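Read through the structure below, which is laid out as structure tokens, and then see the notes.
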Amino acid sequence: MSRNYKEDQSSEVEALDSIYCGEMEILATEPFHKFQIPIATEEYNAEENENGLSCKLVFTYTATYPDAAPLVEIEEAENFEDTFETRLLEHLRLTIEENLGMEMIFSLVSSAQEWLNQRWDEHTTQAEETRVLKLREVEEEERKKFEGTRVSVETFMKWKLDFEESTGIAAKREKINDCKKQTGRELFMCDNTLNDSDIKFLLEAGENLENVKIDETLFQDIGELDLDDDDDEDWVPGADDDDD
């Protein structure tokens, strides 16, 4: 007894219409049934059209379906990558081959839905990995900014010399070292600030210089002093008084 393909096809359309009530749309009934069923990932939002994947599967029966393959088309694909449509059609072709001889539209729709979910999961995983990678790159750049140049003994000593030279510390240190080796007379000769030190002390104490009396007799014999460079470096003020 030959199979009544028309009757089998009509029965399957009625069953599909019950399963996908309100979603399935019949496009034609002659010469063969043609209808479309939408599929989408859970994240898909038709209004925002940003997240998730979506498309419509269009099926057309052939004369000897289900012993022969139905025609399958993909329309209104949303957020598909360039290769998705070709890959999904190939996936459905393999599923058809596994189900020849049986009503298969429900199996094809379920298989296509699962395929979309897998592709979206891959997309979100890759997007998250890319986000984390970019975040690490930004953090690494920020870390390098604060890290600066690694310091060694050589680089520190070079920096120290340059810093002291630019700030005048080296010159001041050299002057101090020279002064440590000088006699009192030499100190007065090389440092003019010592000449007016007493005057500065008086001014800071609030004294009026006009009221300062100078005993000139203290300086009458100054010309007789020996101011040669052979000063006694071990001389201590007041030592002669103790001898008396």
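The values are calculated or read from the model by the stated rules, or taken from the named source; none is laboratory data. If you're wondering where the values come from, they're calculated on a predicted model, not measured in any experiment. Cβ coordinates were reconstructed from backbone atoms using ideal geometry, including for glycine residues, and neighbour counts include every protein chain displayed. In case anyone asks, the SASA skips ligands and DNA or RNA and just uses the protein heavy atoms, side chains included. Shrake-Rupley method; radii C 1.70, N 1.55, O 1.52, S 1.80 Å.
The residues of the stretch 91-119 that are acidic (Asp, Glu) and closer than 25 Å to residue 5 by Cα, listed by number, are 97, 98, 103. Determine whether the stretch 57-64 contains at least one residue that is modelled with pLDDT under 95 and hydroxyl-bearing (Ser, Thr, Tyr). Taking every residue of the stretch 57-64 in turn, none turns out to be modelled with pLDDT under 95 and hydroxyl-bearing (Ser, Thr, Tyr). The residue that is surrounded by the most Cβ atoms within 10 Å (Cβ to Cβ), among those in the stretch 29-65 that are farther than 30 Å from residue 124 by Cβ and free of Cβ contacts under 8 Å to residues at least 12 places away in the same chain, is 29. For the stretch 121-135, the condition holds for no residue, the condition being that it is crowded, with 17+ Cβ neighbours inside 10 Å and basic (Lys, Arg). One residue stands out in the stretch 1-28 among those that are open to solvent by 80 Å² or more (accessible area, probe 1.4 Å), under 56 Å from the mean Cα position of the chain (by Cα) and among the charged types (D, E, K, R): the one that is nearest to residue 61 (Cα to Cα), namely 25.
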